[in-house]
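Enquirer: Have a look at this one before I ask anything.
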Amino acid sequence: MKRDRLYLIPDGQVHGAAARTALARGLALPLAGSDLAFTCGWLVHRCGETGEISRRLLGAQALREKAERVPQLAEWLNRLAAPRPAFAGMSLDTPRIMGILNVTPDSFSDGGLHAEAKKAIEHGLRMAQAGADVIDVGGESTRPGASEVSEGEELDRVIPVVEALAREGLTVSIDTRKATVMREAVKAGARIVNDVSALSHDPRARATVAELGVPVILMHMRGEPDTMMKLADYTDAPLDVFDELEEAVSRAEEAGIARANIMIDPGIGFAKKTEHNLALTRHLALLHGLGLPLLYAASRKRFIGEVTGVERADARLAGSLAVAQMALVAGAHLVRVHDVEETAQMVRMLGMLLTN
């Protein structure tokens, strides 16, 4: 029988001077170790026996008082408040941008545009100049329905690009599910492993990342890209994703991966329908309860097109900026995007509005 679970979804976020004032007056609680606080929160109880879910909205003071009597809630508040350490040498006290560099012929939005190494390298350099803090190099499409690429072909696609960008001093992440590609990319200069399967696809992946000692991004997904949409069935998407990410983090730690080297990603669009993606975006702050840095990656995805009526993926800039902005307001530390220049403008503008 499943055990009863308590969750806390922060709400009423305040930033900058407003956060500092609210914290000083006891009207808010600290969130994600940054210049961010929340003034109320949804206390959620899920019954292990029946699966019934109940919710209560409590203010900061009521949460503080209840935490004195409920150890589980006190643990939640501690994890929510904990400072997030630097990740791959990047401080997380300001939002960071990850630029998407797909060296593939078939990615859902930009497949084929940067399939040649020379074009990919040039695009990576342009993204860095436009404001990307990390360049995420991937050689295998993981769009819904995608088939797996051979290890050799993936290495041929990504290694020259990783080497060239790392040589230029850029922070490069390798977007792969394969342990050998992880190892060779790190040898070529990649500083982060970004695995959509949360290190579950390749049985060697956890041990490899632990041995390499590099930061890793664990994303939530069910199944494989070619089967995942058949598994998009949730009792409550945010709570279920939280539980499954928590398990993925535990497995990574058991394999010897340092908690300080882990970032989490809710996996927008992976084994999730539009309603699940919207719920996860609305309640993204729940994931701060894992006490880890948070990546949000929804750029140009299908649910944005379904909501806005924009069929072409590369025409979904406005919707992509909207969801990325909401994620940053909720305290996401890193956003993964195709449109780096426009996102960097949004981040600067949002920062000016929120922190002064």
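Enquirer: Collect the residues in the range 134-169 that are surrounded by fewer than 21 Cβ atoms within 10 Å (Cβ to Cβ), farther than 24 Å from R302 by Cα and either free of Cβ contacts under 8 Å to residues at least 24 places away in the same chain or under 23 Å from the mean Cα position of the chain (by Cα) (or both), keeping them in residue-number order.
Expert: Of everything in the range 134-169, those that are surrounded by fewer than 21 Cβ atoms within 10 Å (Cβ to Cβ), farther than 24 Å from R302 by Cα and either free of Cβ contacts under 8 Å to residues at least 24 places away in the same chain or under 23 Å from the mean Cα position of the chain (by Cα) (or both) turn out to be S150, G152, E153, D156, A166, R167, G169.
Enquirer: Please find, among R282, R204, the residue that is out of contact with any Cys (no Cβ under 8 Å at 6 or more places or on another chain), over 26 Å from L321 (Cβ atoms) and not aliphatic (A, V, I, L, M). Break it down into steps so the answer makes sense when it comes.
Expert: Values: R282 fails: over 26 Å from L321 (Cβ atoms).
Every option except R204 fails the conditions.
Enquirer: Could you list, in sequence order, the residues of the range 181-217 that are closer than 19 Å to V134 by Cα and among the acidic types (D, E)?
Expert: Hits for the range 181-217 are E184, D195.
Rundown of residues vs (1) surrounded by 12 or more Cβ atoms within 10 Å (Cβ to Cβ); (2) not in a helix (DSSP H, G or I), yes/no style:
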| position | (1), (2) |
| --- | --- |
| A32 | yes, yes |
| T39 | yes, yes |
| L43 | yes, yes |
| T50 | no, yes |
| L58 | yes, yes |
| A62 | yes, no |
| L73 | yes, no |
| W76 | yes, no |
| L80 | yes, no |
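Enquirer: Would you please name the residue that is farthest from L63 (Cα to Cα), looking only at residues in the range 1-19 that are at pLDDT below 95 and among the charged types (D, E, K, R)?
Expert: K2
Enquirer: Which ones in the range 90-124 are at pLDDT 90 or above, over 20 Å from P215 (Cβ atoms) and crowded, with 16+ Cβ neighbours inside 10 Å?
Expert: Selection gives N102, V103, A120, I121, H123.
Residue-wise test of (1) in contact (Cβ under 8 Å) with a residue 40 or more places away in the chain; (2) touching a strand residue (DSSP E or B) at 6+ places or on another chain (Cβ under 8 Å); (3) β-branched (V, I, T).
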residue	(1), (2), (3)
R3	yes, no, no
L6	yes, yes, no
D11	yes, yes, no
G16	yes, no, no
A19	no, yes, no
L27	no, yes, no
L31	yes, yes, no
L36	yes, yes, no
C40	no, yes, no
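Enquirer: So how many residues does the range 263-281 have that are farther than 11 Å from V241 by Cβ and under 14 Å from the mean Cα position of the chain (by Cα)? First the steps, then the outcome.
Expert: Initial filter on the range 263-281 (farther than 11 Å from V241 by Cβ): 263, 269, 273-275, 278, 281.
Subsequent filtering for residues that are under 14 Å from the mean Cα position of the chain (by Cα) retains 263, 269, 281.
Adding up the residues that qualify gives 3.
Enquirer: Look through F303, F242, F270 and report the one residue that is crowded, with 19+ Cβ neighbours inside 10 Å and in contact with a Phe, Trp or Tyr (Cβ under 9 Å, 6 or more places away or on another chain). Talk me through it step by step, then tell me what you get.
Expert: Details: F303 fails: in contact with a Phe, Trp or Tyr (Cβ under 9 Å, 6 or more places away or on another chain); F270 fails: in contact with a Phe, Trp or Tyr (Cβ under 9 Å, 6 or more places away or on another chain).
The conditions single out F242.
Enquirer: A further question follows. Within the range 326-334, is there a residue that is out of contact with any Leu (no Cβ under 8 Å at 6 or more places or on another chain) and within 27 Å of L125 (Cα to Cα)?
Expert: At the first step, the residues of the range 326-334 found to be out of contact with any Leu (no Cβ under 8 Å at 6 or more places or on another chain) are none.
No, the range 326-334 has no match at all.
Enquirer: Of all the helices (runs of 4 or more DSSP H) wholly in the range 254-356, which have at least 3 residues that are over 23 Å from P144 (Cα atoms) and out of contact with any Pro (no Cβ under 9 Å at 6 or more places or on another chain)? Give the derivation first.
Expert: Details: elements: 274-282, 302-308, 317-329, 340-355.
The qualifying helices (runs of 4 or more DSSP H) are 317-329, 340-355.
Enquirer: I'm told A255 meets every condition in (1) under 23 Å from A32 (Cβ atoms); (2) surrounded by fewer than 17 Cβ atoms within 10 Å (Cβ to Cβ); (3) among the hydrophobic types (A, V, I, L, M, F, W, C) except one. Can you identify the failing condition by its number?
Expert: Checking A255 against (1) under 23 Å from A32 (Cβ atoms); (2) surrounded by fewer than 17 Cβ atoms within 10 Å (Cβ to Cβ); (3) among the hydrophobic types (A, V, I, L, M, F, W, C), the one that fails is (1).
Enquirer: Looking at V193, V186, V181, which one is buried (at least 23 other Cβ atoms within 10 Å of the Cβ), at negative phi and either part of a helix (DSSP H, G or I) or out of contact with any helix residue (DSSP H, G or I) (no Cβ under 7 Å at 6 or more places or on another chain) (or both)?
Expert: On the way: V193 fails: either part of a helix (DSSP H, G or I) or out of contact with any helix residue (DSSP H, G or I) (no Cβ under 7 Å at 6 or more places or on another chain) (or both); V186 fails: buried (at least 23 other Cβ atoms within 10 Å of the Cβ).
So the residue among V193, V186, V181 that is buried (at least 23 other Cβ atoms within 10 Å of the Cβ), at negative phi and either part of a helix (DSSP H, G or I) or out of contact with any helix residue (DSSP H, G or I) (no Cβ under 7 Å at 6 or more places or on another chain) (or both) is V181.
Enquirer: Something else about it: Across the range 166-178, what is the number of residues that are in a helix (DSSP H, G or I) and of a type in the set (G, A, S)?
Expert: Taking the range 166-178 as the starting set, the residues that turn out to be in a helix (DSSP H, G or I) are 166-167.
Applying the additional criterion that residues be of a type in the set (G, A, S) yields 166.
Going through the range 166-178 one residue at a time, the tally reaches 1.
The values are calculated or read from the model by the stated rules, or taken from the named source; none is laboratory data. Just so we're clear, the structure is a prediction, and the values are computed from it rather than from any experiment. As a convention, Cβ positions derive from the backbone with ideal geometry for all residues, glycine included, and neighbour counts pool all protein chains shown.
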